[in-house]
Amino acid sequence: MKARILLALKIIAVVVLLAAIVAASAFIYGRERTWKLLAGPADQGAVDLATLTRRSTRNDALLCRDNFCPAAIAGLPGSIYKVGAADLAAVLDAGLAAEEHLDRVDDGADPLYRRYVQRSAGLRFPDTVDVRVFPLSEDRSYMAIYSRSQLGYGDFGVNRKRIQRWIGYVDYLPHEN
(Lines give C-alpha, C1' and ligand atoms only; values in the text may rest on other atoms or scores of the structure.)
Protein backbone atom coordinates (compact mmCIF):
# COMPACT_ATOMS: atom_id res chain seq x y z
CA MET A 1 0.00 0.00 0.00
CA LYS A 2 2.77 2.42 0.97
CA ALA A 3 4.67 1.55 -2.23
CA ARG A 4 1.61 2.42 -4.35
CA ILE A 5 1.24 5.78 -2.67
CA LEU A 6 4.92 6.55 -3.27
CA LEU A 7 4.60 5.52 -6.92
CA ALA A 8 1.52 7.71 -7.33
CA LEU A 9 3.34 10.66 -5.77
CA LYS A 10 6.31 10.13 -8.09
CA ILE A 11 4.02 10.05 -11.13
CA ILE A 12 2.28 13.24 -10.00
CA ALA A 13 5.65 14.91 -9.43
CA VAL A 14 6.82 13.99 -12.95
CA VAL A 15 3.59 15.27 -14.52
CA VAL A 16 3.84 18.54 -12.58
CA LEU A 17 7.50 18.90 -13.57
CA LEU A 18 6.70 18.31 -17.26
CA ALA A 19 3.86 20.82 -17.12
CA ALA A 20 6.20 23.36 -15.52
CA ILE A 21 8.79 22.78 -18.26
CA VAL A 22 6.18 23.30 -20.99
CA ALA A 23 4.87 26.44 -19.25
CA ALA A 24 8.38 27.84 -18.88
CA SER A 25 9.13 27.07 -22.52
CA ALA A 26 5.94 28.82 -23.60
CA PHE A 27 6.90 31.84 -21.53
CA ILE A 28 10.50 31.95 -22.76
CA TYR A 29 10.11 30.92 -26.40
CA GLY A 30 6.46 31.77 -27.04
CA ARG A 31 3.48 29.45 -27.43
CA GLU A 32 3.84 28.84 -31.16
CA ARG A 33 7.56 28.04 -31.01
CA THR A 34 6.96 25.75 -28.02
CA TRP A 35 4.41 23.68 -29.96
CA LYS A 36 6.83 23.54 -32.89
CA LEU A 37 9.60 22.27 -30.59
CA LEU A 38 7.30 19.65 -29.05
CA ALA A 39 5.29 18.50 -32.07
CA GLY A 40 7.02 19.71 -35.22
CA PRO A 41 5.84 22.20 -37.84
CA ALA A 42 2.25 23.40 -37.52
CA ASP A 43 1.54 22.73 -41.20
CA GLN A 44 0.79 19.02 -41.50
CA GLY A 45 1.02 19.10 -45.29
CA ALA A 46 -1.47 18.54 -48.05
CA VAL A 47 -3.91 15.64 -48.16
CA ASP A 48 -5.23 13.79 -51.19
CA LEU A 49 -8.99 13.65 -50.72
CA ALA A 50 -9.30 10.74 -53.16
CA THR A 51 -7.22 8.51 -50.84
CA LEU A 52 -7.85 10.20 -47.49
CA THR A 53 -8.74 7.96 -44.56
CA ARG A 54 -9.90 9.51 -41.32
CA ARG A 55 -7.81 9.37 -38.18
CA SER A 56 -8.48 6.86 -35.45
CA THR A 57 -8.39 9.73 -32.94
CA ARG A 58 -11.26 12.14 -32.58
CA ASN A 59 -9.36 15.27 -33.56
CA ASP A 60 -10.38 15.82 -37.17
CA ALA A 61 -13.49 16.66 -39.19
CA LEU A 62 -14.37 16.24 -42.84
CA LEU A 63 -16.92 17.86 -45.12
CA CYS A 64 -16.96 15.78 -48.28
CA ARG A 65 -19.33 13.68 -50.35
CA ASP A 66 -18.47 10.04 -51.01
CA ASN A 67 -17.71 10.51 -54.70
CA PHE A 68 -15.03 13.12 -53.87
CA CYS A 69 -13.58 11.33 -50.82
CA PRO A 70 -14.28 7.63 -51.50
CA ALA A 71 -11.88 6.23 -48.88
CA ALA A 72 -13.04 8.47 -46.02
CA ILE A 73 -16.15 8.60 -43.90
CA ALA A 74 -17.28 12.21 -43.87
CA GLY A 75 -19.16 13.68 -40.97
CA LEU A 76 -20.70 16.42 -43.13
CA PRO A 77 -21.81 15.99 -46.77
CA GLY A 78 -21.85 19.61 -47.94
CA SER A 79 -23.82 21.23 -50.75
CA ILE A 80 -23.37 21.71 -54.46
CA TYR A 81 -23.27 25.43 -55.22
CA LYS A 82 -24.82 27.00 -58.29
CA VAL A 83 -21.75 29.11 -59.01
CA GLY A 84 -18.50 28.43 -60.80
CA ALA A 85 -15.56 27.01 -58.89
CA ALA A 86 -13.48 30.20 -59.05
CA ASP A 87 -16.41 32.23 -57.72
CA LEU A 88 -16.99 29.79 -54.85
CA ALA A 89 -13.30 29.97 -53.91
CA ALA A 90 -13.36 33.78 -54.04
CA VAL A 91 -16.42 33.99 -51.78
CA LEU A 92 -14.77 31.66 -49.27
CA ASP A 93 -11.58 33.75 -49.38
CA ALA A 94 -13.59 36.89 -48.61
CA GLY A 95 -15.21 35.21 -45.63
CA LEU A 96 -11.95 33.82 -44.31
CA ALA A 97 -10.50 37.32 -44.17
CA ALA A 98 -12.47 37.71 -40.92
CA GLU A 99 -10.93 34.61 -39.31
CA GLU A 100 -8.46 35.15 -36.49
CA HIS A 101 -5.09 33.41 -36.16
CA LEU A 102 -5.37 32.02 -39.71
CA ASP A 103 -2.40 31.71 -42.08
CA ARG A 104 -2.50 30.36 -45.60
CA VAL A 105 0.42 27.93 -45.97
CA ASP A 106 0.09 26.38 -49.45
CA ASP A 107 2.06 27.86 -52.35
CA GLY A 108 -1.05 29.18 -54.16
CA ALA A 109 -0.15 27.34 -57.37
CA ASP A 110 -3.55 25.61 -57.61
CA PRO A 111 -6.36 28.21 -57.72
CA LEU A 112 -8.92 25.70 -56.41
CA TYR A 113 -6.89 24.46 -53.43
CA ARG A 114 -6.04 26.17 -50.17
CA ARG A 115 -4.28 24.97 -47.03
CA TYR A 116 -4.31 26.93 -43.80
CA VAL A 117 -2.97 26.71 -40.29
CA GLN A 118 -5.35 28.13 -37.72
CA ARG A 119 -4.34 28.45 -34.10
CA SER A 120 -6.55 28.50 -31.04
CA ALA A 121 -6.89 31.85 -29.31
CA GLY A 122 -5.44 30.97 -25.91
CA LEU A 123 -2.75 28.33 -26.13
CA ARG A 124 -2.22 28.65 -29.91
CA PHE A 125 -2.78 24.96 -30.64
CA PRO A 126 -2.27 24.55 -34.42
CA ASP A 127 -4.80 22.92 -36.74
CA THR A 128 -4.28 22.33 -40.47
CA VAL A 129 -7.24 22.86 -42.79
CA ASP A 130 -7.35 21.74 -46.45
CA VAL A 131 -9.98 23.19 -48.80
CA ARG A 132 -10.53 21.82 -52.30
CA VAL A 133 -13.10 23.32 -54.70
CA PHE A 134 -14.31 20.95 -57.42
CA PRO A 135 -15.72 22.37 -60.67
CA LEU A 136 -18.75 20.33 -61.72
CA SER A 137 -19.76 22.51 -64.66
CA GLU A 138 -19.36 26.13 -65.66
CA ASP A 139 -21.91 27.23 -63.06
CA ARG A 140 -21.84 24.42 -60.47
CA SER A 141 -19.15 23.53 -57.95
CA TYR A 142 -18.53 21.66 -54.74
CA MET A 143 -16.20 22.34 -51.83
CA ALA A 144 -14.56 19.78 -49.52
CA ILE A 145 -12.90 20.76 -46.24
CA TYR A 146 -10.67 18.61 -44.03
CA SER A 147 -9.69 20.10 -40.67
CA ARG A 148 -7.34 18.32 -38.29
CA SER A 149 -5.58 19.08 -35.04
CA GLN A 150 -1.88 18.57 -34.67
CA LEU A 151 -2.01 17.90 -30.94
CA GLY A 152 -4.25 15.83 -28.71
CA TYR A 153 -6.54 12.86 -28.95
CA GLY A 154 -9.79 14.80 -29.07
CA ASP A 155 -10.64 18.32 -30.17
CA PHE A 156 -13.90 19.04 -28.28
CA GLY A 157 -15.62 19.51 -31.66
CA VAL A 158 -13.40 22.43 -32.69
CA ASN A 159 -12.67 21.10 -36.19
CA ARG A 160 -16.33 20.36 -36.94
CA LYS A 161 -17.38 23.80 -35.67
CA ARG A 162 -14.69 25.42 -37.82
CA ILE A 163 -16.00 23.67 -40.94
CA GLN A 164 -19.57 24.70 -40.12
CA ARG A 165 -18.44 28.31 -39.60
CA TRP A 166 -16.52 28.32 -42.88
CA ILE A 167 -19.50 26.89 -44.76
CA GLY A 168 -21.49 29.79 -43.35
CA TYR A 169 -19.32 32.13 -45.43
CA VAL A 170 -20.62 30.59 -48.66
CA ASP A 171 -24.03 29.21 -47.70
CA TYR A 172 -25.89 32.32 -48.83
CA LEU A 173 -24.97 31.36 -52.40
CA PRO A 174 -27.62 29.40 -54.32
CA HIS A 175 -27.05 25.72 -53.74
CA GLU A 176 -28.49 22.22 -53.95
CA ASN A 177 -28.49 19.84 -51.00
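Numerical summary
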item: Relative contact order of the chain, defined on C-alpha pairs under 8 angstrom at six or more residues apart (%); result: 25 percent
item: Modelled FRET efficiency - R0 25 Å, Ala98 with Leu151, Cβ distances, 0.05 increments; result: 0.50
item: Fraction of antiparallel bridges per DSSP, the chain only, in percent to nearest 5; result: 95 percent
item: Expected 222 nm ellipticity per residue - DSSP helices of 4 or more, -39500 (n - 2.57), all of the chain, to 500; result: -11000 deg cm²/dmol
item: Crossing angle, helix 85-96 versus the chain [Cα axis fit, 0-90 degrees, rounded to tens]; result: 40 degrees
item: With Cα atoms, 0 to 90° folded angle of helix 2-29 axis to the chain main axis; result: 50 degrees
item: Förster radius 25 Å - calculated FRET efficiency between Asp171 and Arg58, Cβ distance, rounded to 0.05; result: 0.45
item: Rounded to whole Å, sorted largest first: equivalent-ellipsoid semi-axes of the chain, Cα gyration tensor; result: 38, 18, 13
item: Exposure ranking of Ile145, Ile12 by accessible area [1.4 Å probe, largest first]; result: Ile12, Ile145
item: Estimated FRET transfer efficiency (Ala46, Val16; beta-carbon r; R0 41 Å; 0.05); result: 0.60
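The values are calculated or read from the model by the stated rules, or taken from the named source; none is laboratory data. Owing to the predicted nature of the structure, the values given are computational and were not obtained by experimental measurement. Cβ sites come from the backbone with ideal geometry, for glycine too, and all protein chains shown count toward neighbours. Surface accessibility is based on the protein's heavy atoms, side chains included, excluding ligands, DNA and RNA. Shrake-Rupley method; radii C 1.70, N 1.55, O 1.52, S 1.80 Å.
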